[in-house]
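Peer 1: Below is the structure I would like to discuss, written out as structure tokens.
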Number of protein chains: 2
Amino acid sequence: MAPDPSATGTRMTSQALGSDPVPGSPRTGSVMRDVARLAGVSHQTVSRVLNGHPNVREATRQRVLEAVEALGYRRNLAARALVTRRTGTLGIVGFETTLFGPASVLYALEDAARRAGYFVSVTTIRDLDRRSILDALERLRTQSVEAVIALAHKPAITAALAQLPDAFPRVAVGGSGGEDTVSSVRVDNVTGAGLATRYLLDLGHPTVHHVAGPADWPEARQREEGWRATLEDAGAMVPPVRPHDTARRAWGAGIGYEEGRLLAADPSVTAVFCANDSLALGVLRALHEAGRRVPDEVSVIGFDDAPESGYLIPPLTTVRQDFAALGQQGIALLLDQFDHSDRADQARTPRQVVLPPVLIPRASTAPPGQQPHA
Amino acid sequence: MAPDPSATGTRMTSQALGSDPVPGSPRTGSVMRDVARLAGVSHQTVSRVLNGHPNVREATRQRVLEAVEALGYRRNLAARALVTRRTGTLGIVGFETTLFGPASVLYALEDAARRAGYFVSVTTIRDLDRRSILDALERLRTQSVEAVIALAHKPAITAALAQLPDAFPRVAVGGSGGEDTVSSVRVDNVTGAGLATRYLLDLGHPTVHHVAGPADWPEARQREEGWRATLEDAGAMVPPVRPHDTARRAWGAGIGYEEGRLLAADPSVTAVFCANDSLALGVLRALHEAGRRVPDEVSVIGFDDAPESGYLIPPLTTVRQDFAALGQQGIALLLDQFDHSDRADQARTPRQVVLPPVLIPRASTAPPGQQPHA
DNA sequence: TCGTTCGATGTGAACGTTAACATTCCCGTG
DNA sequence: CACGGGAATGTTAACGTTCACATCGAACGA
């Protein structure tokens, strides 16, 4: 089968619509005129009924509805979109959606969009080169989505969003937030990291080590920043942080394990703040292997509150992000842009929503030099 | 002659298109005629170029493409869909997509669909009542998707799929597979469970206990079945299994923890096969708390091979499912239906693809009565 | 040299819906 | 009793493509 007949770059790639490959005829069923005939009215009246227009006599409305039911009639969205210039579809740009966080956000986004009466078209970014990000956006625009929501964990994604035409509604969810060019929803990573760090300091630890996420994720940077600032505020020594390049598994337990081995070898380490729960899980394992007890000798704290984190050995103290709220607020921000899109005045001004993280204390943290208790 | 499943209300829920709420005018940009004028040809020639028709002079083609580029022209999918009766969109019905497995499948589906030139519209099922499943399907059909792929972990979902009109292409991914009414892709859970169980028996364990998944998930049932059959084959005693109702977290570490505590209290238990890795994680924790060493005293094995499983304490032996392949095969099966949809002969015959799971031996399993070694 | 054929292009008519405007009918009012 | 007006409905024309067919050349074989 011919994948792509057409010529130029990515632009007009023949979609599945390309004439050759797939035959398939959806066998339309009935159209508005059929309903109209059956109900003994004009197609326009049918349209009015279906769109909830006020000026239709109740008896007529009923007759039309019955005809609709009898024929199993379904409106043709394409025809509707053609004339109304509205598709009722939101585009979602996904990224790393097999990770727990992004997957949860995606889920919440879809839910909120549906509740708001929108369809959702999803496309996922695999590689982060400029081209594939723009491709994703292009794909969505080809579909005439009315707005785009991106899981904007990487700056490049937010940047691409910023380049959409002025009037195009968009929201960045998660990730950076530094950009004031795009409306965005994110969790306050700096505060979250501060929460974790302060908690450990308050327990009596002289300082807190940090296992960082990939350096090219703003979220990772912000957590590091929050950690560092808190230490400095407290006048504590700031231990060095080993940077990770964006290697695929840079948020993963494997990296946590490697880092954990190094930390385990350093007897001065009594507290570790990890940029997420997976990293913490790896650290936990490394400490365990090295015979360093948690939390008796070393306290460990994570970020995210993944579903399993409460059942690790020991249950992981962590900072919870409300992923569901992230998605809901994202859609809310979008609807807000729709509402104001007529009065262009302050509609263009991007809004930033920042969600507060919450510390979830569990058994992986304790004052330093503690005796075992379980 | 298409039996329509619909029946109930919900039918014509006013989508976001409903006249009132959102104004927003996407400011169309240029249309085909504009391109035609600029290139000095007819709109039909533009259409031909864009669709890769053969009979266009090279010079003309170039001129058209330049005009397209110059105007930033983009085809209107709605207009195209209206006349071709093809939307180039696949509908995906998601379920529990925040779990690692489903999220991975979703990801793979989207990827494969995109490669095949299709757009993807996603809708997620929250509650499993008949109504909301049908609603999901209805939503998708309103969008004129050309096919539906469902994450069919529950029988009710597969059943709903089976009720689509005869000619409607569909695929069930994951889950049951028992139904011969719908083409489906799934992992061979029975074999996978057998692999795990046999592995433990071969290590010398007299029998293997089982922590089951929710009873209303066919996957859970099949794993239990594979486990049971293998024990019976080997003439081993079959320990009782505690059933879990479909409580939300029935696949989760919490349940594993509860079960693990019971198992830990029984000194005769030397090997446990868990229906997934999360359950195993909970079991691991319970055993640890009870002071029963893994794998020295008790061996534990999971299912899925989640990314973290190699970093648990100890690293978890598990059965890997190839989620990516699940998605790819799902799309492949769909495309296959498209190809044959003209010759209705054997096209209707549902095809079943069953993927083999692989045992991943790690450190959570060992012969019974082993001495500690690390 | 002249039809015949095929390649390159143009013309007109769908596709199924909604928007705009026209029409009908009935009511209340002067 | 005619008239203005609004409620209920119908009629026509878009929307932007693609398809089917018509047209116009030029190349080709006899």
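Peer 1: If you scan segment A:65-83, which residues turn out to be farther than 20 Å from B:Arg141 by Cβ and more than 9 Å from DNA strand D (Cβ to nearest atom)?
Peer 2: Within segment A:65-83, just A:Glu66 meets the criteria.
Peer 1: List the number of the failed condition for A:Arg86; all other conditions in (1) at negative phi; (2) of a type in the set (D, E, K, R); (3) open to solvent by less than 50 Å² (accessible area, probe 1.4 Å); (4) away from DNA strand D (no atom under 16 Å from the Cβ) hold.
Peer 2: Tallying (1) at negative phi; (2) of a type in the set (D, E, K, R); (3) open to solvent by less than 50 Å² (accessible area, probe 1.4 Å); (4) away from DNA strand D (no atom under 16 Å from the Cβ), A:Arg86 fails exactly one: (4).
Peer 1: Hey, another quick one. Return yes or no: is B:Gly117 crowded, with 21+ Cβ neighbours inside 10 Å and touching a residue at least 12 places away in the same chain (Cβ under 8 Å)?
Peer 2: no
Peer 1: Within segment A:258-291, which residues are in a helix (DSSP H, G or I) and in contact with a Lys or Arg (Cβ under 6 Å, 6 or more places away or on another chain)?
Peer 2: Of everything in segment A:258-291, those that are in a helix (DSSP H, G or I) and in contact with a Lys or Arg (Cβ under 6 Å, 6 or more places away or on another chain) turn out to be A:Ala264, A:Ala286.
Peer 1: If you don't mind, there's one more thing I want to ask. Hey, among A:Ala286, A:Ala275, A:Ala265, A:Ala271, which residue is among the hydrophobic types (A, V, I, L, M, F, W, C) and more than 24 Å from A:Gly192 (Cβ to Cβ)?
Peer 2: From the options A:Ala286, A:Ala275, A:Ala265, A:Ala271, the qualifying one is A:Ala265.
Peer 1: Exactly one of (1) on the phi > 0 side of the Ramachandran plot; (2) touching a residue at least 12 places away in the same chain (Cβ under 8 Å) is unmet by A:Ala39. Its number?
Peer 2: Every condition holds for A:Ala39 apart from (1).
Peer 1: Look at segment A:320-374 and say how many of its residues are assigned to a loop (DSSP other than H, G, I, E, B), modelled with pLDDT under 95 and β-branched (Val, Ile, Thr).
Peer 2: 1
Peer 1: B:Glu96 is checked against (1) acidic (Asp, Glu); (2) at positive phi; (3) within 7 Å of another protein chain (Cβ to nearest Cβ) and fails just one. What number does that condition carry?
Peer 2: So B:Glu96 meets the others, but not (3).
Peer 1: Which one of these does B:Val56 not meet: (1) part of a helix (DSSP H, G or I); (2) without any contact (Cβ under 8 Å) to a residue 40 or more places away in the chain?
Peer 2: Among (1) part of a helix (DSSP H, G or I); (2) without any contact (Cβ under 8 Å) to a residue 40 or more places away in the chain, B:Val56 violates only (1).
Peer 1: Considering only segment A:196-247, state which residues are among the hydroxyl-bearing types (Ser, Thr, Tyr), open to solvent by less than 30 Å² (accessible area, probe 1.4 Å) and more than 27 Å from the chain's Cα centre (by Cα).
Peer 2: Hits for segment A:196-247 are A:Thr207, A:Thr230.
Peer 1: Identify all residues within segment A:155-175 that are more than 24 Å from B:Gly88 (Cβ to Cβ) and open to solvent by 10 Å² or more (accessible area, probe 1.4 Å); write none if there are none.
Peer 2: A:Pro155, A:Ala156, A:Ala159, A:Ala162, A:Gln163, A:Asp166, A:Ala167
Peer 1: Could you check A:Thr191 against (1) open to solvent by 50 Å² or more (accessible area, probe 1.4 Å); (2) assigned to a strand (DSSP E or B) and say which number it fails?
Peer 2: Tallying (1) open to solvent by 50 Å² or more (accessible area, probe 1.4 Å); (2) assigned to a strand (DSSP E or B), A:Thr191 fails exactly one: (2).
Peer 1: Which condition number does B:Asp305 fail, the rest of (1) of a type outside the set (A, V, I, L, M, F, W, C); (2) at the interface with chain A (Cβ under 10 Å from one of its Cβ atoms); (3) buried (at least 23 other Cβ atoms within 10 Å of the Cβ) being met?
Peer 2: Among (1) of a type outside the set (A, V, I, L, M, F, W, C); (2) at the interface with chain A (Cβ under 10 Å from one of its Cβ atoms); (3) buried (at least 23 other Cβ atoms within 10 Å of the Cβ), B:Asp305 violates only (2).
Peer 1: Looking only at segment A:10-29, decide whether some residue is modelled with pLDDT of 50 or more, more than 10 Å from chain B (Cβ to nearest Cβ) and out of contact with any helix residue (DSSP H, G or I) (no Cβ under 8 Å at 6 or more places or on another chain).
Peer 2: no
Peer 1: If you don't mind, there's one more thing I want to ask. Among the residues of segment A:33-60, what is the count of those that are within 12 Å of chain B (Cβ to nearest Cβ) and either more than 9 Å from DNA strand D (Cβ to nearest atom) or touching a helix residue (DSSP H, G or I) at 6+ places or on another chain (Cβ under 7 Å) (or both)?
Peer 2: Of the residues in segment A:33-60, 7 are within 12 Å of chain B (Cβ to nearest Cβ) and either more than 9 Å from DNA strand D (Cβ to nearest atom) or touching a helix residue (DSSP H, G or I) at 6+ places or on another chain (Cβ under 7 Å) (or both).
Per-residue answers, yes or no, for (1) under 30 Å from A:Leu99 (Cβ atoms); (2) at pLDDT 95 or above; (3) near DNA strand C (Cβ under 9 Å from one of its atoms):
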residue: B:Glu58; (1), (2), (3): no, no, yes
residue: B:Leu65; (1), (2), (3): no, yes, no
residue: B:Ala78; (1), (2), (3): no, yes, yes
residue: B:Arg85; (1), (2), (3): no, no, yes
residue: B:Gly91; (1), (2), (3): yes, yes, no
residue: B:Leu99; (1), (2), (3): yes, no, no
residue: B:Pro102; (1), (2), (3): yes, no, no
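The values are calculated or read from the model by the stated rules, or taken from the named source; none is laboratory data. Quick caveat, the model's predicted, so the values are computed rather than measured. For neighbour counting, all protein chains shown are included, and Cβ atoms are generated from backbone atoms with ideal geometry for every residue, glycine included. Just the protein is used for accessible areas: all its heavy atoms, side chains included, with ligands, DNA and RNA removed. Shrake-Rupley method; radii C 1.70, N 1.55, O 1.52, S 1.80 Å.
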